Amino acid sequence: MEIHVVQGDIIKIETEVLALGIFQGVQTPEGAAGAVDRTLDGMLFRLFKDGDFHGEAGETFLLRTENRLPAKRILLIGLGERDSFDLERARNIGAKAVQAASRFKELTTIVHGAGIGGLEPEAAAQACVEGSLLGKYRFDLYAEDRSKQNQIESLRIVEFDTEKIKPMRFGADRGQKVSEAVYLARDLANEPGEALPPVELAERARLMAEHYHLRFEALDEKELEREKLHGILGVARGSDHAPRLIVLEHNPKDAKHPIVLVGKGVTFDSGGISIKPREGMEAMKYDMAGAAAVIGALQAVAGLDLPLHVIGLIPAVENLPSGKAIKPGDIIRYRNGKTIEVVNTDAEGRLILADALLYAARFQPKVVVDLATLTGACVTALGKEAAGLFSNDTKLTHHLKSAAEATGERVWELPLYEGYKKLLKSEIASFKNSVMAPGRTGPAGAAVGALFLKEFVSYPWAHLDIAGMAWDLDKAYCPAGASGYGVRLLIEFLRRFDQNPL
Ligand code: BES
Ligand code: ZN
Ligand code: ZN
């Protein structure tokens, strides 16, 4: 989709559809809506008075202007209550507008909230573009009729105030680059497992890296063996698809200490020998959503040319049962000397992440953030409202929380109490990989998973359990399927980190 920010007067703009945001309970239209209302001889005023349109958040009303304005149609869109208007609402409104105008080729809009809404023009324009692009997204690669998709090819943002044009162009450009990165993350996570095994995931990462001039590397089985990455090799053994450890690097000023982003890349998680129940197993194609977010984030880092040294690290495997598969009771010896008794082959994410977290140390990272669809327990704890956040560093936690609030990709901090560790006690190895209570997987599942990972880190670190957030969010700008959660959060986090390093 093409996006332009133009200076102009909306009552003079020629367009198929002009989207106009209206706050709830407005009686007399003001600002941009007021100007439109005057040229339409009070039509908006009468619509509001007669109760045809209330301005509830996301409510839409399409009306024809019958040649009284150069714009052919006005799309009224409810902004909800003025006092609670924020960037998240702006994103959802942007999405609703693009969806309501889906049969037209172009849409013109004002930046919702940048006028009387009181939002910063740059952030508001970014939110408007993100909402519009992300709300238009559909995964239609396998759809029978792809012509039914949203028709909008061009989005024009009009602003009257010349002072706001520059910041709005910045915001719109960032919004577009970030959204394109979210598209990539969604596309990867939506792909069926068979379409995107580890080698193919690596290939997609390579193509992106080539296009965006990132360093790319993928360790194959021989190299994984040489590096003693036995967690990745162990989990991958049950599958006919070979594993990879994918490395992506953006290093604009040859800085020594990078920020390392780690993403769980289980391209399909059947549970392995500890096989999952059949119901819902198809969803386990998104068990590489952490990897998808990291690949997307690196694309945006490069696209925005952030002045930071950032490395993406993705352990990619398929978790299947077979005659060669790792078995309950088997032991994995890690390169730091730790031994893990695998009691549940379905707790495979932590087994491969442990390798990646150990490997990350070689880059002498300033901080490491991992994203993983790690536990069903985290979905039970937080549902689809926030990812679980675990960290050994308060400043890193602070940056992640503030980036989460700004992007609407919320996180909620959960504890890394040492007391949980005894749940992983093994009689014969350093640890077990999971708690097994009769018929269940034990208490505090998300925290136990995080605590397991903590055993493998030697730097400031944060773990985001995104099992609930990666799929099927109930938001206008997150259509069914992969949400691309994490890309926007990571970019905003990196921008904050750049301003105020640890
Ligand atoms: N990939 C799953 C976690 C998951 C669950 C992701 C639901 C997305 C939605 C993970 O590998 C897993 O199977 N975890 C186990 C951990 C347990 C065995 C300690 C779980 O959550 O049951
Ligand atoms: Zn699993
Ligand atoms: Zn998994």
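The values are calculated or read from the model by the stated rules, or taken from the named source; none is laboratory data. These numbers were taken from a predicted model, which means no experiment stands behind them. All Cβ positions, even for glycine, are placed from backbone atoms using ideal geometry, and neighbour counts span all protein chains on display. Accessible surface is based on the protein model in full, side chains and every heavy atom, while ligands, DNA and RNA are left aside. Shrake-Rupley method; radii C 1.70, N 1.55, O 1.52, S 1.80 Å.
Name the residues in the range 454-470 that are closer than 18 Å to Glu348 by Cβ, surrounded by fewer than 24 Cβ atoms within 10 Å (Cβ to Cβ) and of a type in the set (A, V, I, L, M, F, W, C), would you?
The answer is Phe456, and nothing else.
Which residue out of Leu308, Leu304 is open to solvent by 30 Å² or more (accessible area, probe 1.4 Å) and within 16 Å of His213 (Cβ to Cβ)?
On the way: Leu308 fails: open to solvent by 30 Å² or more (accessible area, probe 1.4 Å).
Going through Leu308, Leu304 in turn, the sole match is Leu304.
Can you find, within the range 261-284, the residue that is farthest from Val178 (Cα to Cα) among those that are open to solvent by less than 20 Å² (accessible area, probe 1.4 Å) and within 11 Å of ligand 3 (Cβ to nearest atom)?
Gly272
Would you be able to tell me the number of residues in the range 409-447 that are within 30 Å of the chain's Cα centre (by Cα), crowded, with 17+ Cβ neighbours inside 10 Å and within 16 Å of ligand 2 (Cβ to nearest atom)?
Total meeting the criteria: 6.
Is it the case, given these coordinates, that His241 is touching a strand residue (DSSP E or B) at 6+ places or on another chain (Cβ under 9 Å), assigned by TED's automatic domain parsing to the domain that holds Ala300, within 16 Å of ligand 3 (Cβ to nearest atom) and open to solvent by 10 Å² or more (accessible area, probe 1.4 Å)?
Values: touching a strand residue (DSSP E or B) at 6+ places or on another chain (Cβ under 9 Å): yes; assigned by TED's automatic domain parsing to the domain that holds Ala300: yes; within 16 Å of ligand 3 (Cβ to nearest atom): yes; open to solvent by 10 Å² or more (accessible area, probe 1.4 Å): yes.
Answer is yes for this residue.
Among the listed residues Val317, Val367, identify the single one that is within 22 Å of Phe493 (Cβ to Cβ) and either open to solvent by less than 40 Å² (accessible area, probe 1.4 Å) or in contact with a strand residue (DSSP E or B) (Cβ under 8 Å, 6 or more places away or on another chain) (or both).
Residue meeting the stated conditions: Val367.
Output the helices (runs of 4 or more DSSP H) that fall wholly within the range 109-219 and possess 2 or more residues being open to solvent by 70 Å² or more (accessible area, probe 1.4 Å), or say none.
Here the list reads 162-190, 198-212.
Testing Asp287 on (1) surrounded by 24 or more Cβ atoms within 10 Å (Cβ to Cβ); (2) within 16 Å of ligand 1 (Cβ to nearest atom); (3) farther than 19 Å from Leu389 by Cα, one condition comes back false. Which one is that?
(3)
Could you list all residues from the range 460-481 that are touching a strand residue (DSSP E or B) at 6+ places or on another chain (Cβ under 6 Å) and more than 15 Å from Val379 (Cβ to Cβ)?
Pro460, Trp461, Ala462, His463
Exactly one condition in (1) of a type in the set (Gly, Ala, Ser); (2) buried (at least 23 other Cβ atoms within 10 Å of the Cβ); (3) within 16 Å of ligand 3 (Cβ to nearest atom) is false for Ala360; which is it?
In the conditions (1) of a type in the set (Gly, Ala, Ser); (2) buried (at least 23 other Cβ atoms within 10 Å of the Cβ); (3) within 16 Å of ligand 3 (Cβ to nearest atom), Ala360 misses (3) alone.
Among the numbered criteria (1) open to solvent by less than 40 Å² (accessible area, probe 1.4 Å); (2) part of a loop (DSSP other than H, G, I, E, B), which one does Gly296 miss?
All conditions pass for Gly296, except number (2).
Would you kindly identify the strands (runs of 3 or more DSSP E) lying entirely within the range 314-374 that contain at least 3 residues that are away from ligand 1 (no atom under 16 Å from the Cβ)?
Hits in the range 314-374: 367-372.
Just for the range 336-349: of the residues that are open to solvent by 10 Å² or more (accessible area, probe 1.4 Å) and of a type in the set (Val, Ile, Thr), which one is nearest to ligand 2 (Cβ to nearest atom)?
Val343
Is it the case that some residue within the range 395-406 is within 16 Å of ligand 1 (Cβ to nearest atom), modelled with pLDDT of 95 or more and not basic (Lys, Arg)?
No: zero hits.
On the basis of being crowded, with 24+ Cβ neighbours inside 10 Å, under 22 Å from Ala470 (Cβ atoms) and not small (Gly, Ala, Ser), does Ile352 make the cut?
yes
What number of residues within the range 464-502 are among the charged types (D, E, K, R), over 21 Å from Lys136 (Cα atoms) and under 13 Å from the mean Cα position of the chain (by Cα)?
Here is the first cut: in the range 464-502, the ones among the charged types (D, E, K, R) are 465, 472, 474-475, 488, 492, 495-496, 498.
Narrowing the set further to residues that are over 21 Å from Lys136 (Cα atoms) leaves 465, 492, 495-496, 498.
In the following step, the residues that additionally are under 13 Å from the mean Cα position of the chain (by Cα) were identified as 465, 492.
Count: 2.
Can you tell me which of Gly113, Gly94 is touching a residue at least 24 places away in the same chain (Cβ under 8 Å), touching a Phe, Trp or Tyr at 6+ places or on another chain (Cβ under 9 Å), within 18 Å of His4 (Cβ to Cβ) and not assigned by TED's automatic domain parsing to the domain that holds Val301?
Result of the check over Gly113, Gly94: Gly94.
Among the residues of the range 487-499, are any away from ligand 1 (no atom under 13 Å from the Cβ), surrounded by fewer than 23 Cβ atoms within 10 Å (Cβ to Cβ) and assigned to a loop (DSSP other than H, G, I, E, B)?
No: the range 487-499 contains no residue that is away from ligand 1 (no atom under 13 Å from the Cβ), surrounded by fewer than 23 Cβ atoms within 10 Å (Cβ to Cβ) and assigned to a loop (DSSP other than H, G, I, E, B).
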